[in-house]
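Here is the structure we will look at, set down as structure tokens.
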Amino acid sequence: MHNYFTDEGQVIVARQELKEIIRFHEHDLTNTTAVQQARLLSPEPFDLIICRNVLVYLKRAAQAGVLERLCALLRPGSFLVLGTGEIPPKFMEAELQPVNSKVRIYQKTAV
């Protein structure tokens, strides 16, 4: 932890070296062009996508579409973190393996 963060009393702060390699982006996840837009900003596959408590606001068909788009952005072996009430659909079981089912961390397989 000390390689990437410093403890400043009431808060823990990410070191500048870590901040320089992290990219944050906003996207309309329901838009079918979201993958293309994300690839324009960052052509490399993602190592981690955190999408907590977003899917619960969408209908099942939209949830599945969003998860497929997110998986398309992930590098094999990388991670997707969902909200505790969110579960990938059955048809994605081969592509997203649970790492920790309790906190909904999934790893993308090399499918």
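Read-outs throughout are calculated quantities, based only on the coordinates presented, and are distinct from any laboratory measurement. This one's a predicted model, so the numbers in the text were calculated from it and none came from an experiment. Cβ atoms come from the backbone with ideal geometry, glycine included; neighbour counts cover every protein chain shown.
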How much FRET efficiency would the formula 1/(1 + (r/R0)^6) give for residue 56 and residue 99, where r is the Cβ-Cβ distance and R0 is 25 Å, rounded to 0.05? 0.75
Rounding to the nearest 10 and keeping the result within 0 to 90°, find how far the Cα-based axis of helix 60-73 lies from the longest principal axis of the chain. 50
Counting only DSSP beta bridges fully inside the chain, the antiparallel percentage to nearest 5 is 65
Relative contact order (%) - criterion: Cα under 8 Å, at least six apart; region: the chain: 21
Cα atoms only, the chain: Rg and Dmax in Å? 15.3, 46
So how much slack lies between residue 12 and residue 31, counting 0.36 nm per residue of separation and subtracting their Cα-Cα distance, in nm? 3.4 nm
Amide H of residue 109: which non-local residues (sequence gap of 5 or more, or other chain) have their own amide H closer than 5 Å, using H built in the peptide plane? 77, 96, 97
The range 10-95: chymotrypsin sites (Phe, Trp or Tyr not before Pro) in DSSP loop, at most 16 other beta carbons within 10 Å: 24
Of 37, 57, 91, which is farthest along the charge dipole of the chain in the positive direction, counting Lys and Arg as +1 and Asp and Glu as -1 at C-beta? 91
For residue 74, the residues 5 or more places away or on another chain with a placed amide H closer than 5 Å to its own amide H are 46
